[in-house]
Structures are given as structure tokens and as C-alpha cells.
Amino acid sequence: MRRIENLVHKARSGDHHAYITLFQQYEQQLYRTAFVYVNNQQDALDVIQETAYRSFKLIATLREPKYFKTWLIRICITCAIDLLRKRKKVVHLKPEHMDFAVSNEDYDVPLSISLKQLIEQLDEDERSVVLLRFYHDFTIKEIAEVLQIPLGTSKTILYRALHKLRKVVKEESVYEQ
């Protein structure tokens, strides 16, 4: 942890190599987080690139070096949500789904639901809280800090999201029987 703080201090002072070293330590985690939001490799890479740019530009504004990872994840989530909002107006139908949209009589659609499909059922706030809590192992207090929301709000969002997920899973298990 001390090494990270030293690298942050150097990066804040303009040391580009220190910043690159810092960013590379979290790059895989950031990619996985971005991918969960945007659901494809190219967009996830775009989010990582934008995260790198924004964080590099704003590194001098980071007040507490020990929260570098939290700060970086917050930027990544913001970039992912920004990308989704920009693309929300355009709906692309994947070629492999085109036939299904035209006629689904020849397809045997599985009723089981994947984790990815479950998370997609959540709104942006719920998705962020669930990912930070269970994917990054953040405490509810840390989640509140990352998302800049009150502690009670982060708890409420988490419990609402979990309730929603339980309901979907329960419905799916009823249909499978």
C-alpha cells in the first residue's frame, strides 16, 4: 500500500512513468468492470482508454493517495455510463439475433438465466452498487464514497437490487420446473 501511495505522489508531481505503473496495476480490474457495463470488448477497451485519459488528466486533483483504486474505479464507471448514454439512442440488432427476431419457431430458447443477464436487469445505480460490493469486495461505506451517495442510500440501492435479483431468479426457477 505504501508503494502505491508513493507512486501516486510521484504521478501527481508529473511523473508519467509512475502514473503508467499505477494504471497498469488496475487495468485488468478496470477492463472487467467496463465489460460488465458495456457488454463487448471494443467498447470496454474504449472505456479503459477514456479512463486512462481522464485519470491522467485529473491525477493532480486526487486528495488521498490511498484511495487511488477507488477513485480510478469511479472514473471507469463514469466513463462506461457516459458511453452507454451516448449510444442509448442507437439500437443495434446483432446479426445472430436477426433470424430470431424474424421467426423464433425453430429455436429452442433456454429458460436458464446467466449472471450477465441478471445484472443487465438492474438499473445503472443498482448495477454499480452490486458490482462494487460483490465483484470488487467494497464495503457499503466504500461504495457510498465511490458513488458519492449517502451511506443509507447505498444500503437501500443494494437491498433493492438484491431483492430484484432474487425475484428474477425465483421466477426463472418456477418456469424451469
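Take the Cα of K164, step 7 Å toward its Cβ, do the same at N39, and the gap between the two points is 1.4 nm.
Compared with the alpha-carbon gap, the fully stretched path from K10 to Q148 is longer by 47.1 nm at 0.36 nm per residue. Sparse packing (at most 13 other Cβ atoms within 10 Å of the Cβ) combined with a DSSP loop state is found for the following trypsin sites (Lys or Arg not before Pro) in the range 1-67: R63. For the residues E27, E5, a 1.4 Å probe over the protein chains yields an accessible-area ranking, largest first, of E27, E5. Of D123, D43, D137, the order by accessible heavy-atom surface (1.4 Å probe, DNA, RNA and ligands excluded), from most exposed downward, is D137, D123, D43. Ranking T51, T70, T78, T156 from most to least accessible surface, computed with a 1.4 Å probe over the protein chains only, gives T156, T78, T70, T51.
The values are calculated or read from the model by the stated rules, or taken from the named source; none is laboratory data. Note that the structure is predicted; figures quoted are calculated from it, not measured. We place every Cβ from the backbone using ideal geometry, glycine too, and count neighbours over all the protein chains shown. Just so you know, the surface numbers come from the protein's heavy atoms only, side chains and all, with ligands and any DNA or RNA stripped out. Shrake-Rupley method; radii C 1.70, N 1.55, O 1.52, S 1.80 Å.
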